[in-house]
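Since the structure comes first, as structure tokens, the remarks are kept for the end.
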Amino acid sequence: MAMTDEQFENYLVMCYDKLESKQQKFISDYNIDNFDEYWYDQDQCILQFKKNGQVLLEFSVVFIGSWSGKSNSWMWSWANENVADYTRSKSNCLKDLQKITGSEVFINPLFECDQEMAYELAAFSIEYLDAEGMYMAPGERSDVFMAVMSPRAL
């Protein structure tokens, strides 16, 4: 059964609040601000943090989607044909958010979206995936949103 507008809004607030606290913990626990470079591999679903060119921290990630400021649009990773099949399959479960919320936005591959909404979609996704946090990689054409799942041994 779909959520009412009020339930949806309350769920969003809860997801956003949890994301903020997860982000603070993620940044402080792993000293994310101390790294001078990051790198991600969409095919392997990993995110690395480097200092002086050396990989010091690596996480498994789920690619959530990408937001374009130029076209003010969002594309879910599960719908992005420029992403490897494995990567798309890992994010396919995010469609389940439609069943939970009743909102069609979670099954619509590409749609108009402002930056605030992109962060809201990420907050819903982080909560659903029970991720440690979120990483947003800025790009020339679009910003890539990732759910940071767990650290990997190097």
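Since every read-out is calculated from the coordinates, none of them should be taken as a lab result. All values reported here derive from a predicted model rather than from experimental measurement. Here the Cβ is made from the backbone with ideal geometry for all residues, glycine too, and neighbour counts use every protein chain on show.
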In vacuo Debye scattering of the chain, one point per C-alpha: log10 I(q)/I(0) at q = 0.11, 0.13, 0.17, 0.21 Å⁻¹?
-> -0.42, -0.58, -1.00, -1.45
Are there GluC sites (Glu not before Pro) in the range 61-154 that DSSP puts in a loop and that have at most 15 other Cβ atoms within 10 Å, and which ones?
-> Glu81, Glu140
If one computes the Cα centroid of the range 20-85 and of the range 106-137, what distance in Å separates the two points?
-> 13 Å
Taking trypsin sites (Lys or Arg not before Pro) that fall in a DSSP loop and have at most 16 other Cβ atoms within 10 Å as cut points, what is the longest piece of the chain between them?
-> 71-140
Potential extension, Asp85-Asp17 segment - 0.36 nm per residue separation minus Cα distance | 21.3 nm
